[in-house]
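In what follows, a structure is listed as structure tokens, so that the remarks can point back to it.
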Ligand SMILES: *Cc1c(COP(=O)(O)O)cnc(C)c1O
């Protein structure tokens with residue numbers, strides 16, 4: 001059977017927001033207080049979250065901003081990267097990773113991903129380095145940390161800054177240390193889809209370098225050093241108090257949620273392997289499984305069938321960076337066969353901390369049924 005039921009009453013969503021609040025009443029109480037106080041943007045509540053987030057990640061500083069995209073853009077600007085500079089990154093990532101490079105005025109240079117876990121192929125980086133290369137933007141895609149020891153060697157050898165796109169990987173570790181603490185600057189998104197979700201757009205930049213943190217603080221506040229003292233052309237990209245309260249509330253639960261995601265991924269991997277399908281493999285605390293990738297035959301047919309059957313599967317990402325119309329004028333050249341294959345052959349199965357064994361089995365059985373030979 002390739003039809004798992006277009007009238008399915010089963011729904012397997014990717015998010016259960018109502019289960020993301022360990023103590024909703026306590027949070028509402030803090031929000032009520034904040035609403036009455038009129039302190040809505042930055043201030044002590046945001047500073048408190050920034051301190052807690054920095055200590056969670058393991059950096060000296062965290063600066064709360066409006067989104068992951070802004071975090072990345074301002075990270076490049078704080079590093080002094082702009083027109084005439086090049087930043088190396090990977091061809092399969094979310095649009096915003098590369099948009100941030102161009103927003104800063106710099107030029108992206110793409111390399112392919114590896115065929116097994118779809119992370120940046122570090123073997124290709126050295127050949128992409130030229131006289132204008134200033135930074136390496138590594139994306140801990142799907143929640144899996146890039147090999148940061150190799151990144152460090154490459155960056156040191158060529159004098160490059162390392163910007164980590166941690167939007168999908170909050171909490172993931174490389175050799176015991178969390179992402180965001182391993183490069184020059186870490187950039188986080190708290191978009192509602194991410195593992196640590198705000199109730200709207202939000203993001204953060206982490207760093208050990210006090211000057212970089214100070215520059216981000218100026219950049220996020222319209223380039224103001226002090227009120228009406230605008231030292232640079234910045235952005236209006238500050239973290240607000242309501243988002244900081246939501247994030248502060250959820251931060252304590254994050255490690256447990258990520259651990260549950262790993263357990264879900266282990267069952268997916270084992271069951272898919274038994275069917276001869278290649279799903280993302282567990283990788284200990286290196287992976288927090290923001291997304292669960294699997295390569296399937298007849299991908300589009302499988303996706304349509306899953307969605308009709310109530311399974312909220314998606315493609316991340318269907319159009320690799322070098323094929324996006326928005327970047328057409330950049331002439332992003334090169335061959336990216338693995339990024340192409342990832343875009344054409346893989347999909348993401350729903351993953352949440354509270355996905356049950358029953359739901360996992362339902363999804364895998366549906367994949368198996370749909371990926372079988374097509375009926376005439
Ligand atoms: C979500 C995401 C971003 C952008 O974050 P926003 O908060 O939505 O601006 C950047 N990079 C990656 C890899 C992402 O997944």
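The values are calculated or read from the model by the stated rules, or taken from the named source; none is laboratory data. This one's a predicted model, so the numbers in the text were calculated from it and none came from an experiment. Methodologically, a virtual Cβ is constructed for each residue, glycine included, from the backbone with ideal geometry; neighbour enumeration extends over all protein chains shown.
Say whether the condition of being within 18 Å of the chain's Cα centre (by Cα), modelled with pLDDT of 95 or more, under 19 Å from residue 120 (Cα atoms) and buried (at least 19 other Cβ atoms within 10 Å of the Cβ) is met by at least one residue in the range 256-278. So far as the range 256-278 goes, no, none of its residues is within 18 Å of the chain's Cα centre (by Cα), modelled with pLDDT of 95 or more, under 19 Å from residue 120 (Cα atoms) and buried (at least 19 other Cβ atoms within 10 Å of the Cβ).
Among the residues of the range 178-218, write down those that are in a strand (DSSP E or B) and over 23 Å from residue 256 (Cβ atoms). Spell out the reasoning first.
So the first thing to find is which residues in the range 178-218 are in a strand (DSSP E or B), and the list is 178, 185-189, 203-207.
Matches in the range 178-218: 185, 187, 205, 207.
Would you check if there is a residue in the range 312-324 being within 20 Å of residue 125 (Cα to Cα), in contact with a helix residue (DSSP H, G or I) (Cβ under 6 Å, 6 or more places away or on another chain), modelled with pLDDT of 95 or more and in a helix (DSSP H, G or I)? So far as the range 312-324 goes, yes, one or more of its residues are within 20 Å of residue 125 (Cα to Cα), in contact with a helix residue (DSSP H, G or I) (Cβ under 6 Å, 6 or more places away or on another chain), modelled with pLDDT of 95 or more and in a helix (DSSP H, G or I).
Within the bounds of the range 42-63, is there any residue that is in contact with a strand residue (DSSP E or B) (Cβ under 6 Å, 6 or more places away or on another chain), part of a loop (DSSP other than H, G, I, E, B) and either within 16 Å of the ligand (Cβ to nearest atom) or on the phi > 0 side of the Ramachandran plot (or both)? Yes, the range 42-63 has at least one match. Which of the residues that make up the range 109-120 are buried (at least 24 other Cβ atoms within 10 Å of the Cβ) and free of Cβ contacts under 8 Å to residues at least 60 places away in the same chain? Within the range 109-120, 120 is the sole residue that qualifies. Among the criteria (1) farther than 21 Å from residue 251 by Cα; (2) in contact (Cβ under 8 Å) with a residue 12 or more places away in the chain; (3) part of a helix (DSSP H, G or I), the one residue 71 does not fulfil is (1). Restricted to the range 81-108, and to residues there that are free of Cβ contacts under 8 Å to residues at least 40 places away in the same chain and in a loop (DSSP other than H, G, I, E, B), the residue that is nearest to the ligand (Cβ to nearest atom) is 104.
For the range 109-136, enumerate the residues that are closer than 18 Å to residue 342 by Cβ and in a strand (DSSP E or B). Matches in the range 109-136: 110, 111, 113, 120. Say whether the condition of being farther than 24 Å from residue 174 by Cβ, crowded, with 22+ Cβ neighbours inside 10 Å and under 16 Å from the mean Cα position of the chain (by Cα) is met by at least one residue in the range 224-244. Checked against the condition, which is being farther than 24 Å from residue 174 by Cβ, crowded, with 22+ Cβ neighbours inside 10 Å and under 16 Å from the mean Cα position of the chain (by Cα), the range 224-244 yields no hits at all. If I filter the range 173-181 for residues that are under 15 Å from residue 140 (Cβ atoms), within 16 Å of the ligand (Cβ to nearest atom) and at pLDDT 95 or above, do I get at least one hit? Within the range 173-181, one or more residues are under 15 Å from residue 140 (Cβ atoms), within 16 Å of the ligand (Cβ to nearest atom) and at pLDDT 95 or above.
Reported count of residues in the range 221-269, each being closer than 21 Å to residue 73 by Cβ, in contact with a helix residue (DSSP H, G or I) (Cβ under 7 Å, 6 or more places away or on another chain) and part of a helix (DSSP H, G or I), is 2. State whether the residues of the range 190-208 include one that is surrounded by fewer than 24 Cβ atoms within 10 Å (Cβ to Cβ), more than 13 Å from the ligand (Cβ to nearest atom) and within 16 Å of the chain's Cα centre (by Cα). No: zero hits.
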